[in-house]
1. Looking only at residues that are of a type in the set (D, E, K, R) and over 22 Å from the mean Cα position of the chain (by Cα) in segment 59-70, which one is least open to solvent (accessible area, probe 1.4 Å)?
2. Out of the residues in segment 71-95 that are open to solvent by less than 50 Å² (accessible area, probe 1.4 Å) and touching an Asp or Glu at 6+ places or on another chain (Cβ under 9 Å), which is farthest from Leu41 (Cα to Cα)?
3. How do the pairs read when you match residues in segment 57-76 that are closer than 19 Å to Val88 by Cα with residues anywhere that are assigned to a helix (DSSP H, G or I) and open to solvent by less than 100 Å² (accessible area, probe 1.4 Å), using Cβ under 6 Å and keeping only pairs 6 or more apart or on different chains?
4. Could you grab me the full set of residues in segment 40-58 that are hydrophobic (A, V, I, L, M, F, W, C) and surrounded by 12 or more Cβ atoms within 10 Å (Cβ to Cβ)?
5. Pairs under 8 Å by beta carbon, first residue exposed (fewer than 10 other Cβ atoms within 10 Å of the Cβ) in segment 22-35, partner not acidic (Asp, Glu), six or more apart or different chains?
Amino acid sequence: MPRFHSVNGVLAQFTPEEETLFDEEAAAWEAGADARAMAQLREERNNKLHETDWWGASDRTMSVEQAQYRADLRNFPAVVDIADWPNVTWPTVPE
């Protein structure tokens, strides 16, 4: 099926060179899907760690459960199957 793009407000069919370039760019984008998903996973993990940073304040003692939760978060990207993203099961926040 031919592809079109707008040139000065007029639809123009892709040239063979444009078709090739478009296909290469689409393939490169698809090839980077896992890397983008992992970056999103790490960002969410970092946010969860940031939300619990106060547990380690100098005027309080972190419980064993809290320390284990933070350790589980730090190790999380290594144990998750990126194919499950975004439906991954995060470690449970201790009470």
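The values are calculated or read from the model by the stated rules, or taken from the named source; none is laboratory data. Everything quoted here is computed from the prediction, not taken from an experiment. Note: ideal-geometry Cβ built from the backbone for every residue, glycine included; neighbour counts use all protein chains shown. Calculation scope for accessible area: heavy atoms of the full protein, side chains included, ligands and nucleic acids excluded. Shrake-Rupley method; radii C 1.70, N 1.55, O 1.52, S 1.80 Å.
1. Taking segment 59-70 first, the residues of a type in the set (D, E, K, R) are 59-60, 65, 70.
Retained after the next criterion (residues that are over 22 Å from the mean Cα position of the chain (by Cα)): 59-60, 65.
Numbers: Asp59: 135, Arg60: 83, Glu65: 114 Å².
For segment 59-70, the residue satisfying everything is Arg60.
2. For segment 71-95, the residue satisfying everything is Pro94.
3. Within 6 Å, the pairs are Leu73/Arg45; Leu73/Lys48; Leu73/Leu49; Phe76/Arg45.
4. Result: Leu41, Leu49, Trp55.
5. Pairs found: none.
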